[in-house]
Amino acid sequence: MSDRKCWVDHSGIVLDSVDGFDVIHCESCGFKHIIPIPDEEEMTRIYTRQFHAEYKPLMIQHQLEDQQWYDATNKARLEAIEKQLKRKGTLLDVGSGTGFFLNEAVKQGWEAKGVEPSDMAVEYSRSKGLDVEHAFFDQECAESIGKFDVVHLWEVLEHLPDPAGMVNLCRQVLNPGGLIVIGVPNDYNKLQKILVNDMGEKPWWLTPPHHINFFDRTSLERLLRRLDFEPLRHDITFPMELFLLMGKNYLQEPELGRECHAMRMELELNLLRTGNSAVLDKLYDSLAEAGFGRHTVIMAGKKD
Ligand SMILES: [Zn+2]
């Protein structure tokens, strides 16, 4: 497909079309996103109630089952952040969900706060004693929440109608020399393309209206540079598509998803708990260099 489409001031080549939405490689934004872009009101409705209740019913249960792995990987991410910042400090987790990252941050000695729109997730994290504001992180919230050394956004930007606006808000609450840490799905990657173009899978990562934007390392770094951040470090998460290529088709048989996830956790836990995190870093660095990884994770410094 090589049609071009325009919507308001967004235009570009159409990559896919699904459920009444087109994915374009937007020339004005510099990353891929769906058009039409759902409006803020629709997104508010989805994320305050519907998302957790209908789309992620098993999330907390699975997170509790996998707690050891969450804690170990969150700890590793926090250590990487500390290395970059050269100290611990204040941290804001935007879209803190059920609070697993926040909880680990507090445990590691960070002064950590969350912002989360989902009432169910807020209730759960507050029951764990975490400091979470029940709100969308918008202009009003940014003006009252205080200043931080680190702002962390995990699986947030891909869901927002205006990701650049969100990064600007984060910039606003960052102290001088502060860091933004963003993790987003690494979509339209080489392994996904092989599975779709050569092996007959449907592009399963397209789930409008929930998933609006599609980033990779290049487009995320470009966005950050445009908004006066300097990318400092790049990480990935395990390229889950490898399981599909190894015959564990969790797209066709969703019950295999947990099995694949368990294998990936085993790999990471075996390396982390034996003190071999440097080996894990090296493995993932080489995969990252080649453009692989389920998520792309960027740490970037606020330019003055
Ligand atoms: Zn655009």
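Placing dummy labels 7 Å off each Cα toward the beta-carbon, the span from LYS190 to ILE13 is 1.8 nm.
The charge dipole of the chain, taken about the Cα centre with unit charges on the Cβ atoms of Lys, Arg (+1) and Asp, Glu (-1), comes to about 960 debye, rounded to the nearest 20. Available extension along the chain between CYS141 and SER28 is 37.9 nm, counting 0.36 nm per residue and deducting the alpha carbon span. In loop segments of the range 61-109 as defined by DSSP, the trypsin sites (Lys or Arg not before Pro) with at most 12 further C-beta atoms inside 10 Å of their C-beta are LYS86, ARG87. Exposed loop sites here are GluC sites (Glu not before Pro) assigned a DSSP state other than H, G, I, E or B and surrounded by at most 14 other beta carbons within 10 Å; excluding them, the longest clear run of the chain is 28-154.
One decimal place: the segment SER2-ARG226 gains 77.9 nm when fully extended, by the rule 0.36 nm per residue minus the C-alpha distance.
Please get the size of the charge dipole for the range 1-155, origin at its Cα centre, with Cβ charges of +1 on Lys and Arg and -1 on Asp and Glu, quoted in debye to the nearest 20. Approximately 740 debye in magnitude. Coordinate range of the alpha-carbon atoms in the chain per principal axis, descending: 50, 44, 37 Å. Using the Karplus relation 6.51 cos²θ - 1.76 cosθ + 1.60 with θ = phi - 60°, the per-residue 3J(HN,Hα) values for the range 74-84 come to 5, 4, 4, 5, 5, 5, 5, 5, 4, 4, 6 Hz, with x marking Gly and Pro. Over the chain, dividing the summed -39,500 (n - 2.57) contributions of all DSSP H runs of at least 4 residues by the number of residues returns a 222 nm mean residue ellipticity of -11500 deg cm²/dmol. Applying the Karplus relation 6.51 cos²θ - 1.76 cosθ + 1.60 with θ = phi - 60° to the range 60-73 yields 3J(HN,Hα) values of 5, 4, 5, 5, 5, 4, 9, 3, 4, 5, 4, 4, 5, 6 Hz, where x marks Gly and Pro. Could you name the aspartates and glutamates in cross-link range of LYS32, using Cα to Cα under 18 Å and dropping any fewer than eight places away on the same chain? Here the aspartates and glutamates satisfying the reach criterion relative to LYS32 are ASP3, ASP9, ASP16, ASP19, ASP22, GLU155, GLU158, ASP162, ASP187, ASP216, GLU221.
The numbers here are math on the coordinates, done by the rules we state, and not lab data. Model, not experiment: these values are computed from the prediction. Ideal geometry is used to build each Cβ from the backbone, glycine not excepted, and the neighbour counts take in all protein chains shown.
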